[in-house]
Amino acid sequence: MSDAFHLWYDDEAGPVVRPYAMTGGRTQAAGPDFDLIALVVADSAPEDDPTLPHGHAAVLEVLQEEPLSVAEIAAELDLPVGVVRVLLGDLLDAAHIRVSRPVPPSRLPDERVLREVIDGLRAL
């Protein structure tokens with residue numbers, strides 16, 4: 001075998017697929033940017049769409065058990081977060097997933113209000 005072949009093949013793991021090959025060379029999702037802690041829920045199973053590429057089907061597969069954050073999906077699939085974000089963008093466009101984004105800090109309650117609630121609960 002040629003030296004070039006060895007760069008693309010691992011004897012133990014089989015053929016190596018570069019992350020950019022999974023995304024068609026794209027580095028950003030077509031839709032919104034996915035926060036690392038955004039929760040992703042599958043609305044379909046990989047079997048529901050036999051035309052899904054392997055990477056997309058793998059994302060749906062890990063989401064079958066429970067909703068996961070973007071970071072958890074990347075860790076579970078051992079993929080870079082950037083690749084996962086592109087795959088999620090495709091799945092969101094195809095209505096295979098739903099994403100609940102975290103509340104921005106500006107919309108969280110003021111610390112003073114939370115302390116008043118805690119004090120009120122303690123008074124009960």
### Task
Round to the nearest 0.05 the FRET efficiency obtained for Ala21 and Glu76 when R0 = 22 Å and r is the Cβ-Cβ distance.
0.65
### Task
May I ask you to evaluate 6.51 cos²θ - 1.76 cosθ + 1.60, the Karplus curve with θ = phi - 60°, for each residue of the stretch 42-51 and list the ³J(HN,Hα) values in order in whole Hz, giving x for glycine and proline?
7, 9, 8, 9, x, 5, 5, 9, x, 8
### Task
Could you list the GluC sites (Glu not before Pro) in the stretch 47-97 that lie in coil according to DSSP, counting only those with at most 11 other Cβ atoms within 10 Å of their Cβ?
Glu65
### Query
For the stretch 76-90, what does the Karplus curve 6.51 cos²θ - 1.76 cosθ + 1.60, with θ = phi - 60°, yield as ³J(HN,Hα) per residue in whole Hz, taken in order and with x for Gly and Pro?
4, 8, 6, 10, x, 4, x, 5, 4, 4, 5, 4, 5, x, 5
## Note on the structure
Sorted by chain and number, the residues with a modelled amide H under 5 Å from that of Ser69, at a separation of 5 or more or across chains, are Val40
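We did not get these values from a lab; they are worked out from the coordinates using the rules stated. All values reported here derive from a predicted model rather than from experimental measurement. As a convention, Cβ positions derive from the backbone with ideal geometry for all residues, glycine included, and neighbour counts pool all protein chains shown.
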